[in-house]
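Trainee: Sharing a structure with you now.
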Amino acid sequence: MTRLLLVGPPGAGKGTQAAILAETYGIPAISTGDIFRSNVVNGTPLGLQVKAIMEAGEYVPDDLTNEIVAARLGETDARAGFLLDGYPRTLDQVNELDRILSIDHAGVDAVVLLEAETDEVVARLLKRAIEQGRIDDTEEVIRHRMDVYAEQTSPIIAVYDKRDLVVRVNALGAVDEVTARIVDALAQRNISAV
Ligand code: AP5
């Protein structure tokens with residue numbers, strides 16, 4: 001059973017790597033960003049609640065995000081392990097994840113931190129803006145998302161560092177090179193692919 005977290009600034013490649021790592025480790029990739037986006041697209045009550053927040057590049061409130069993750073982790077497929085992409089992002093969310101896992105006397109195996117320079121990730125997201133038109137990929141909102149990450153998410157790294165769980169990976173280079181770095185780094189912690 002493998003429980004992984006994927007953390008990194010917008011554009012670091014969390015979603016891209018999460019899809020590959022889910023296959024590699026035989027666990028579901030759970031992306032809070034994807035859950036919120038699909039609710040926005042489908043016009044659900046949750047989507048209506050979070051649309052403006054996402055467009056502005058702000059974080060969805062912790063209580064709402066925590067509730068969604070708690071429900072998702074309660075589903076059968078996540079009982080055998082999971083990879084959380086983009087959660088937790090705040091100290092409150094770290095506490096909630098601890099609470100959820102403590103019910104099964106469980107913990108996280110590793111926190112993969114994708115590291116990339118701001119100019120590179122901004123360039124990636126501006127390219128995606130042209131290709132996919134994601135609503136929060138304007139340069140102004142991208143830069144704001146970076147600031148929100150620095151203010152609200154960077155502090156959680158120290159928490160997981162104290163637990164010796166953080167695996168730092170250079171997120172620059174080709175997608176398969178980054179995957180290989182992650183898999184190698186996790187193997188050094190005896191976390192093996194299936
Ligand atoms: P979320 O969807 O998680 O967005 P994000 O963190 O801003 O990250 P991105 O999806 O932009 O980037 P990524 O790191 O996943 O990189 P990707 O693989 O896509 O969250 C969106 C919003 O939802 C938040 O702003 C917030 O409002 C809300 N939200 C989500 N979770 C929340 C939480 N826990 N609490 C509160 N609110 C929350 O790659 C980016 C681009 O780069 C792609 O085009 C990709 O093809 C390309 N790329 C990837 N890897 C490489 C590579 N190695 N080389 C070149 N290009 C690459």
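Trainee: Can you run down the residue pairs with Cβ atoms below 6 Å, 6 or more apart or on separate chains, where the first is in region 75-94 and within 12 Å of residue 59 (Cα to Cα) and the partner is assigned to a strand (DSSP E or B)?
Mentor: The qualifying pairs are 86/31.
Trainee: Consider only pairs whose beta carbons are under 7 Å apart and that are at least six residues apart or on different chains; among these, list those whose first residue lies in region 10-31 and is touching a residue at least 60 places away in the same chain (Cβ under 8 Å) and whose second residue is away from the ligand (no atom under 11 Å from the Cβ) and in a helix (DSSP H, G or I).
Mentor: 17/182; 21/182; 24/183
Trainee: So which residues in region 25-60 are more than 16 Å from the chain's Cα centre (by Cα) and within 17 Å of residue 149 (Cα to Cα), if there are any at all?
Mentor: 53, 55, 56
Trainee: Here is a follow-up. Is there a residue being within 9 Å of the ligand (Cβ to nearest atom), on the phi < 0 side of the Ramachandran plot, part of a helix (DSSP H, G or I) and not hydroxyl-bearing (Ser, Thr, Tyr) anywhere in region 148-166?
Mentor: Filtering region 148-166 down to residues within 9 Å of the ligand (Cβ to nearest atom) leaves 148-149, 152-153.
Cutting the leftovers down to on the phi < 0 side of the Ramachandran plot gives us 148-149, 152-153.
Those left that are additionally part of a helix (DSSP H, G or I): 148-149, 152-153.
Keeping just the survivors that are not hydroxyl-bearing (Ser, Thr, Tyr) gives 148, 152.
Yes, some residue in region 148-166 is within 9 Å of the ligand (Cβ to nearest atom), on the phi < 0 side of the Ramachandran plot, part of a helix (DSSP H, G or I) and not hydroxyl-bearing (Ser, Thr, Tyr).
Trainee: Hey, among the residues in region 133-147 that are modelled with pLDDT of 95 or more and within 11 Å of the ligand (Cβ to nearest atom), which one's surrounded by the fewest Cβ atoms within 10 Å (Cβ to Cβ)?
Mentor: My answer is 144.
Trainee: Which is touching an Asp or Glu at 6+ places or on another chain (Cβ under 6 Å) and surrounded by 13 or more Cβ atoms within 10 Å (Cβ to Cβ), of 57, 47, 81, 86? Step through it out loud before you land on a result.
Mentor: On the way: 47 fails: touching an Asp or Glu at 6+ places or on another chain (Cβ under 6 Å); 81 fails: touching an Asp or Glu at 6+ places or on another chain (Cβ under 6 Å); 86 fails: touching an Asp or Glu at 6+ places or on another chain (Cβ under 6 Å).
Within the list 57, 47, 81, 86, the selection yields 57.
Trainee: A further question follows. Looking at the structure I just gave you, is residue 116 out of contact with any Gly (no Cβ under 8 Å at 6 or more places or on another chain), in contact (Cβ under 8 Å) with a residue 40 or more places away in the chain and of a type in the set (Gly, Ala, Ser)?
Mentor: Details: out of contact with any Gly (no Cβ under 8 Å at 6 or more places or on another chain): no; in contact (Cβ under 8 Å) with a residue 40 or more places away in the chain: yes; of a type in the set (Gly, Ala, Ser): yes.
Criteria not met by residue 116.
Trainee: Tell me which residues, restricted to region 173-186, are surrounded by fewer than 15 Cβ atoms within 10 Å (Cβ to Cβ) and within 11 Å of the ligand (Cβ to nearest atom).
Mentor: Taking region 173-186 and keeping what is surrounded by fewer than 15 Cβ atoms within 10 Å (Cβ to Cβ), we get 173-177, 180, 184.
Matches in region 173-186: 173, 174, 175, 176, 177.
Trainee: Now for a different question. Could you give every pair whose Cβ atoms fall below 7 Å, whose first residue belongs to region 144-160 and is under 16 Å from residue 11 (Cβ atoms), and whose second residue is of a type outside the set (Asp, Glu) and in a helix (DSSP H, G or I), counting only separations of at least 6 or pairs across chains?
Mentor: Correct list of pairs: 146/118.
The values are calculated or read from the model by the stated rules, or taken from the named source; none is laboratory data. Because the structure is predicted, anything quoted here is derived from the model rather than measured. Every residue, glycine among them, receives a Cβ derived from its backbone with ideal geometry; neighbour counts consider all protein chains shown.
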